[in-house]
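S.K.: After the structure tokens below, expect a handful of questions from me.
Any read-out appearing in this document is the output of simple, stated calculations on the displayed coordinates, not a laboratory observation. Quick caveat: nothing in here was measured; it's all calculated off a predicted structure. Positions of Cβ are generated from backbone atoms using ideal geometry, with glycine treated the same way; all protein chains shown enter the neighbour counts.
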Amino acid sequence: MEKITKDMIISDVINANPELVRTFFENGMMCIGCPASQGESIEQASAVHGIDADQLVAALNAAL
């Protein structure tokens, strides 16, 4: 997968890179299995959960 961006859908990122589930969890994004993650972007989910989307995306890219 190319560089992850905050407009990407969470489930798309996880389907392409299942190992990133741990990085989502480590950064406070615990809703990986929730139905909303099937259509929510990283930015949208971050806003709902009070997480800094830029920080999460940086961590995800570093983990790739």
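S.K.: With springs only between Cα atoms under 10 Å, which of VAL21, VAL48, VAL13 fluctuates most in a Gaussian network model of the chain?
M.R.: VAL48
S.K.: Now a separate question. By the scheme Lys and Arg +1, Asp and Glu -1, what is the net charge of all other residues having a beta-carbon under 14 Å from that of PHE24?
M.R.: Details: positive: LYS6, ARG22; negative: ASP12, GLU19, GLU26, GLU40, GLU43, ASP52.
So the environment of PHE24 carries a net charge of -4.
S.K.: Please name whichever of SER37, THR5, VAL57 sits farthest to the positive end of the charge dipole of segment 1-60, dipole taken about the Cα centre and charges placed at Cβ: Lys and Arg +1, Asp and Glu -1.
M.R.: Selected residue: SER37.
S.K.: Determine the dipole magnitude for the chain: charges of +1 sit on the beta-carbon of Lys and Arg, -1 on that of Asp and Glu, nothing else is charged, the reference point is the Cα centre, and the result goes in debye to the nearest 20.
M.R.: Numbers: 3 positive and 9 negative charges, 23 e Å.
Dipole of the chain, to the nearest 20 debye: 100 debye.
S.K.: I've got another one for you. At a Förster radius of 25 Å, what calculated FRET efficiency corresponds to the Cβ-Cβ distance of VAL48 and GLU2, to the nearest 0.05? Before the final figure, lay out each step's value.
M.R.: Details: r = 25 Å, r/R0 = 1.01.
So the FRET efficiency works out to roughly 0.50.
S.K.: Rounded to whole Å and sorted largest first, list the principal axis extents of the Cα atoms in the chain.
M.R.: 24, 21, 19
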